[in-house]
Amino acid sequence: MAELELKTAPADFRFPTTNQTRHCFTRYIEFHRCLAAKGEESGECERFAKYYRALCPGEWVEKWNEQRENGTFPGPL
């Protein structure tokens, strides 16, 4: 049986508290900025995707994706 290794986003000194809401939001923005800068084909952005997927509730990500599609996303992309 293959051993499964689980990882989450590394600690980030910008977010020292236990509330990870801001950390989640920042990683989501970093991922989409990376995609815009390097293109969808670049694998360099995948680490940001792993981080925000580990930190953010799925409902938030779905809502943010809808907001980006509608042009109403509140963050700086």
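The values are calculated or read from the model by the stated rules, or taken from the named source; none is laboratory data. Just so it is clear, the structure is predicted and the values come from calculations on it, not from any experiment. All Cβ positions, glycine included, derive from the backbone under ideal geometry; neighbour counts span all protein chains shown. Keep in mind that these areas ignore ligands, DNA and RNA; they rest on the heavy atoms of the full protein, side chains included. Shrake-Rupley method; radii C 1.70, N 1.55, O 1.52, S 1.80 Å.
Numbers for the structure displayed
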{"read-out": "Estimated [θ] at 222 nm from DSSP helical runs (n ≥ 4, -39500 (n - 2.57)) normalised by residues in the chain, nearest 500", "value": "-17000 deg cm²/dmol"}
{"read-out": "Gain in span if fully extended, Lys63 to Asn19, counting 0.36 nm per residue against the direct Cα distance", "value": "13.9 nm"}
{"read-out": "Listed candidates (1) -0.30, -0.35, -0.54, -1.05; (2) -0.53, -0.57, -0.69, -0.94; (3) -0.37, -0.44, -0.64, -1.09 - label of the one calculated as log10 I(q)/I(0) by the Debye sum over Cα atoms at q = 0.12, 0.13, 0.16, 0.22 Å⁻¹", "value": "(3)"}
{"read-out": "Dipole of the chain, positive direction: furthest Cα of Ala49, Thr26, Ala37, with charges on the beta-carbon", "value": "Thr26"}
{"read-out": "Average Cα contact separation per residue, the chain, under 8 Å, 6 or more apart, as relative contact order %", "value": "35"}
{"read-out": "Per-pair calculated FRET efficiency, R0 = 25 Å: Glu5 and Leu77 via Cβ, rounded to 0.05", "value": "0.20"}
{"read-out": "Leu35 accessible area, 1.4 Å probe, all protein chains in place, Å² to nearest 10", "value": "30"}
{"read-out": "³J(HN,Hα), Karplus 6.51/-1.76/1.60, whole Hz, each residue of segment 53-68, x for Gly, Pro", "value": "5, 6, 9, 9, x, x, 5, 5, 4, 4, 5, 5, 4, 4, 5, 4"}
{"read-out": "Solvent-accessible ranking of Phe25, Phe48, largest area first, probe 1.4 Å", "value": "Phe25, Phe48"}
